[in-house]
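Asker: Okay, handing you the structure first.
The values are calculated or read from the model by the stated rules, or taken from the named source; none is laboratory data. Just so you know, these numbers come straight off a predicted model, no measurement behind them. Glycine also receives a Cβ, built like all others from the backbone with ideal geometry; neighbour counts cover every protein chain displayed.
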Amino acid sequence: MTTPAKRSLRRGLSVMTLLAMASLAAGPAQALSCLAPDVARSFDEAAQSDARYMVLLGTLDRGTPTVPERDLSNNSPEVVRLPALVKGLAMTEKGFSSGVEAQITMELGCTGPWCAQLPENGTVLAFIELTNNGPILRVNACGGHLFANPTKEQVARLESCQIDGCPVEDGAVGDSPAATPEIAPEVTPESDTK
């Protein structure tokens, strides 16, 4: 037998449950959803872009800069630009075979309130955009243009993409072979190592 006090308690719990559920649904949930970075997808995106890219396997030396605090309450925090030096091999039709040493600009961008972290110095596989204002390495919160400590498999996969294209089943966007990235005068190859 249910007493009036128990019925009142149940009604109160039901109302509290509904209010709790409504409060959860009221505010927008914010989360960053990124595809896992993939060298083949990045290669294909660069190949499909109107921009020119140099794909570099080598070292990144950004020195020891400090990244200024960003106003994350702003839905579009400012891009941070820092100088860096890259050395290594640029991809040609022969694979990674053209020696390069260049000053570049790293751009640390944001996606809403989520911002790219300052990359560590070290071995990288980088997709560097060749612009009229010099080479730019764009790094965002989801990654994709910079792969730290690339594996032999990632390097082999990129070389395969250069020769055969990057099929969709390999995680790429399209199925068309890319043209060899052009090397701008600012990053003229030092020597052909093959």
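Asker: Consider only pairs whose beta carbons are under 7 Å apart and that are at least six residues apart or on different chains; among these, list those whose first residue lies in the range 110-131 and is without any contact (Cβ under 8 Å) to a residue 12 or more places away in the chain and whose second residue is aromatic (Phe, Trp, Tyr) and surrounded by fewer than 16 Cβ atoms within 10 Å (Cβ to Cβ).
Answerer: Nothing qualifies.
Asker: For residue 97, only one of the following conditions fails: (1) modelled with pLDDT of 95 or more; (2) closer than 18 Å to residue 58 by Cα. What is its number?
Answerer: Answer for residue 97: the failing condition is (1).
Asker: Condition first: within 15 Å of residue 42 (Cβ to Cβ), modelled with pLDDT of 95 or more and over 12 Å from the mean Cα position of the chain (by Cα). Can you find one or more residues in the range 114-126 that meet it?
Answerer: Yes - at least one qualifying residue is present in the range 114-126.
Asker: Can you find a residue that is out of contact with any Phe, Trp or Tyr (no Cβ under 9 Å at 6 or more places or on another chain), part of a strand (DSSP E or B) and not basic (Lys, Arg) anywhere in the range 119-129?
Answerer: yes
Asker: All but one of (1) basic (Lys, Arg); (2) touching a helix residue (DSSP H, G or I) at 6+ places or on another chain (Cβ under 8 Å); (3) surrounded by fewer than 15 Cβ atoms within 10 Å (Cβ to Cβ) hold for residue 157; state the number of the condition that does not hold.
Answerer: (3)
Asker: Here's a check for you: in the range 69-103, which residue that is free of Cβ contacts under 8 Å to residues at least 60 places away in the same chain and hydrophobic (A, V, I, L, M, F, W, C) is surrounded by the fewest Cβ atoms within 10 Å (Cβ to Cβ)?
Answerer: Out of the qualifying residues, it is 72.
Asker: Now for a different question. Of all residues being crowded, with 21+ Cβ neighbours inside 10 Å and under 14 Å from residue 108 (Cα atoms) in the range 140-154, which is modelled with the lowest pLDDT? Just the residue, please.
Answerer: 145
Asker: Under 6 Å by Cβ, and 6 or more places apart or on different chains, what pairs join a residue from the range 47-60 that is farther than 13 Å from residue 103 by Cα and at pLDDT 95 or above with one that is in a loop (DSSP other than H, G, I, E, B) and among the acidic types (Asp, Glu)?
Answerer: Between residues of the range 47-60 that are farther than 13 Å from residue 103 by Cα and at pLDDT 95 or above and residues that are in a loop (DSSP other than H, G, I, E, B) and among the acidic types (Asp, Glu), the close pairs are 52/182.
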